Amino acid sequence: MAFPAMAFPAMAVIAQAVNGIMMGAVYALFAVGMVLVFGVMRVLNFAHGAVFMAGGYLCWFAMAHVSPIYPVALLFSTAGGAAIGLVLERLVFRRLRENLSMQIVASLGLILMAQNGVLLLFGADALQIEAPSLRRVLRLGELGFTVQHLVILAAVAVAVASLHVFLSRSRLGIAMRAASQDIQAARVVGIAPDRVFAITFALSGALAALGGALLGPLFLVFPGMGDLPLLKGLTAIVLGGMGSVWGAVLGGLAIGLLEAEATLFAPTDYRDLVVFAALIATLLLRPRGLFGTAIRGEP
Amino acid sequence: MPISADPIVQTSALPASALSVRNLSAGYAGRMIVDGIDLDVAAGEVVTIIGQNGAGKSTLLRAIAHLLRQRTGAIRLRGADVTALPTEALLQRGLAFIPQGRSIFPRLTVAENLRMGGFLLRDAALLRARIDAQLDAFPALAALRETPAANLSGGQQRQLEIARTMVMDPAVLMLDEPSIGLAPLIVGQVFSTLRGLAAAGKAVLMVEQNVRRALEASDRGIVLELGRAKLQDHASALLGDERVARLYMGG
Ligand SMILES: Nc1ncnc2c1ncn2[C@@H]1O[C@H](COP(=O)(O)OP(=O)(O)OP(=O)(O)O)[C@@H](O)[C@H]1O
Ligand SMILES: [Mg+2]
């Protein structure tokens, strides 16, 4: 009722903003986990999307077989993602720190294994997380969005804020930043690199799986559900300025908003085109990304 | 012309020896660089290792700190055999190392760098007391607490490295070229800081290219040539040795 003449376009813009920020928050969560691992270990883990997907399945499994309480399922998935991260670091990526091409090969292998493993265990059909209360539509005037939109925003805000406090205040968090800046100096002050790498991967895996568990109830859970966040998360990292946590967060939000608003003036199929055009334009104007400084690889 | 002389200083493990290294050999991927080194550093003593570029000085210190895997020999710290211990366990037992080149964390603040110096101290009150003691010892750093270490001057960064290391209150401090890249006045300050630490009972072992000034600040010196200790003597004797002067002091 507030904008009688302009009601449709203004509401549409706002509605897409809500959608865009929600998806952007998921991209941001995804991107932050990848940036952490890259910053500390110089490892690009393209299997991060597979961990995201595993988070979706873990959430489905928890809701169906452990506890129907969604927050419990979220914790279950997050803990599972941390465990997966630990295993990936120990068995695969610790050995590949200096070797980007092998990181890519190993990631592709892991993605294949994860997707086929999931096909074997859960079948090819997409699964629905049984949580009707999360899909309930809330109305704010003419604006409609689901409970899950709010849950996603709140969960991502809490996760990013906690991560910030961890990195800026805690002994281990500062040690992670220290190791990312100078691994040799970290060793001589008694920071064991292998422990830092393990913690970094656990944290990264937890964030990825949390993302999958958050998006699961809105979309479905299926083997390829990590592909979209991988593509957009990588774009967010480059857009934000390869390396910084805040760059990844803001880059993720920017991409979510942009692709949602793009559907208002271009066919839906073109939204990725809009996002990549914006990415290229940004990099032409600011080669270090939107929020990048001279600092590279700093979490 | 190679220097040849018998070691004058006793190399058997003296009771006062804070750090004692026996028959240490070390290298990289099958290529041994350091070849059968014996050395001792007593509490209260400053010992300087000199030698040409590539002689293996850094390799020797890195091997003692167990930053190299490829090594044989024995290392004792205040009498205890610590040969097999990893770097962080050595640090916990009192052996600290400041590597060659800058080793501050550039994008951590001075306060955060000091806190990381005490990474292995789990007692928060002790950690705070140790950091405060270092800020008292280096007032210039106290004023720069919240400044990223990258913004400090070269001399201040060196002070920060030493202060950060002393947060662990090590018995033995090893430094690889502490004077490199510093103005002459600052070099004097760094060496007098090290003398002060020795006076306080620390054992200091450093590698230096600034041979004359380092030996002037040292009790003893070791000449390393192709990974072997060619000569160990009192610093004053090395300063008066014409072969040492010709080969390592440019004249
Ligand atoms: N990481 C490494 N891998 C293989 N060889 C190395 C490595 N680091 C050093 N070396 C080799 O070991 C030898 C000794 O090097 P080291 O750095 O110990 O010499 P140094 O006496 O400290 O020299 P400088 O005065 O230049 O610092 C050199 O021949 C060097 O090329
Ligand atoms: Mg050297």
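Seen from residue B:220, the other residues with C-beta closer than 11 Å to its C-beta sum to a net charge of -4, counting Lys and Arg as +1 and Asp and Glu as -1.
If you model region B:102-169 as an ellipsoid using its alpha carbon gyration tensor, with each semi-axis the square root of five times an eigenvalue, the axes come out at 18, 12, 10 Å, biggest first.
Computed from protein heavy atoms with a 1.4 Å probe, the total accessible area buried between B and A is close to 2100 Å².
Mean per-residue shielding of peptide A:74-86 is 0, counting Cβ atoms of other chains within 10 Å of each Cβ. Residues A:218, B:67, ordered by accessible area of protein heavy atoms at a 1.4 angstrom probe radius and largest first, appear as A:218, B:67. Between the amide H of residue B:174 and those of B:96, B:97, B:98, B:205, distances stay under 5 Å, these residues lying 5 or more places away or on another chain, with hydrogens modeled in the peptide plane.
Near residue B:33, the amide H atoms lying under 5 Å from its own belong to B:26, B:27, B:28; only residues 5 or more places off or on other chains count, and H is placed 1.01 Å from N. Look at the dipole of the protein assembly as shown built from charges on Cβ: of B:101, B:91, A:65, the Cα furthest out on the positive end belongs to B:91. The label-point distance for residue B:72 and residue A:119, in a model that sets each label 7 Å from Cα toward Cβ, rounds to 5.4 nm. Which of rounded, prolate, oblate describes the protein assembly as shown, given a ≥ b ≥ c as roots of the alpha-carbon gyration tensor eigenvalues and a/c under 1.5 marking rounded, otherwise prolate only if a/b is larger than b/c? Taking the square roots of the gyration eigenvalues as a ≥ b ≥ c, the protein assembly as shown is prolate. Ranked by the mean number of other Cβ atoms within 10 Å of their residues, highest first, the peptides B:112-124, A:36-48 fall in the order A:36-48, B:112-124. Bridgeable aspartates and glutamates around residue A:232 (alpha carbons under 20 Å apart, same-chain partners fewer than 8 residues away excluded): A:259, A:261, A:269, A:272. Please work out the FRET efficiency for the pair residue B:132 and residue A:157, using the Cβ-Cβ distance as r and a Förster radius of 45 Å; give the result to the nearest 0.05. That pair, residue B:132 with residue A:157, gives E of 0.80. Axis angle, to the nearest 10 degrees, between helix A:227-240 and the longest C-alpha principal axis of chain A: 80 degrees. Counting only DSSP H runs of at least 4 residues, each contributing -39500 (n - 2.57), and dividing by the residue count of chain A, the helix-based mean residue ellipticity at 222 nm comes to -23500 deg cm²/dmol. When the Cα centres of region A:129-166 and region B:24-62 are compared, how far apart do they sit, in Å? So the separation of the two Cα centres works out to 60 Å. Label region B:23-97 by shape, choosing from rounded, prolate and oblate, from the square roots a ≥ b ≥ c of the eigenvalues of the Cα gyration tensor; if a/c is under 1.5 it is rounded, and otherwise prolate applies when a/b is larger than b/c, oblate when it is not. It comes out oblate by the Cα gyration axes. Computed over chain A, the alpha-carbon pair-distance distribution with 5 angstrom bins reads 1, 6, 11, 16, 18, 17, 13, 9, 5, 2, 1, 0, 0, 0, each value a whole percent.
Taking all protein chains together and a 1.4 Å probe, the residues B:208, B:225 rank B:225, B:208 from largest to smallest accessible area. Taking a ≥ b ≥ c as the square roots of the eigenvalues of the Cα gyration tensor, region B:14-53 is classed as oblate, since a/c reaches at least 1.5 and a/b does not exceed b/c. In this rough spin-label picture, where each label sits 7 Å from Cα along the Cβ direction, the residue A:184-residue B:153 distance is 2.6 nm. Here the calculated FRET efficiency for residue A:227 and residue B:140, from their Cβ-Cβ distance with R0 = 56 Å, stands at 0.55, rounded to the nearest 0.05.
Report, to the nearest whole %, how much of the accessible area of the protein assembly as shown belongs to carbon and sulfur atoms, 1.4 Å probe, protein only. Taking all protein chains in place, the protein assembly as shown shows 63 percent carbon and sulfur surface. With R₀ set to 60 Å, the beta-carbon distance separating residue A:269 from residue A:195 gives a calculated FRET efficiency near 0.80. The heavy atoms of residue A:149 present about 20 square angstrom of accessible area, all protein chains included, probe 1.4 Å.
Could you work out how much longer the chain between residue A:69 and residue A:83 gets when fully extended? Use 0.36 nm per residue separation minus the Cα distance between them, nm to one decimal.
Working: separation 14, 0.36 × 14 = 5.04 nm, distance 2.14 nm.
2.9 nm is the gain from fully extending residue A:69 to residue A:83.
The angle between the Cα long axis of helix A:245-265 and the main principal axis of chain A comes to about 30°, on a 0 to 90 degree scale. For residue B:57, the aspartates and glutamates whose Cα comes closer than 12 Å to its Cα, not counting residues fewer than 8 places off in the same chain, are B:35, B:176, B:177, B:208, B:225. Based on alpha-carbon centroids, what's the gap between region B:104-137 and region B:168-195 in Å, whole number please? Each part's Cα centre sits 19 Å from the other's.
Accessible surface area normalised per residue over region A:15-285 is 41 Å², counting heavy atoms of protein chains with a 1.4 Å rolling probe. What angle do you read, to the nearest 10 degrees and between 0 and 90, between the alpha-carbon axis of helix A:171-181 and the longest principal axis of chain A? Approximately 80 degrees, to the nearest 10. Counting only DSSP beta bridges with both residues in the protein assembly as shown, the antiparallel share comes to about 60 percent. Residues of region B:96-128 buried by at least 30 Å² of accessible area upon assembly of all protein chains, compared with the chain on its own (1.4 Å probe): B:99, B:105, B:107, B:108, B:112, B:115, B:116, B:119, B:122.
Rolling a 1.4 angstrom probe over the protein heavy atoms with all chains in place gives region B:102-169 an accessible area of 41 Å² per residue.
The values are calculated or read from the model by the stated rules, or taken from the named source; none is laboratory data. The structure displayed is predicted, hence computed values, not measured ones. Don't worry about glycine lacking a Cβ; one is built from the backbone with ideal geometry, like all the others, and counts go over all protein chains shown. Remember, those area values only see protein heavy atoms, side chains included, never the ligands or the DNA or RNA. Shrake-Rupley method; radii C 1.70, N 1.55, O 1.52, S 1.80 Å.
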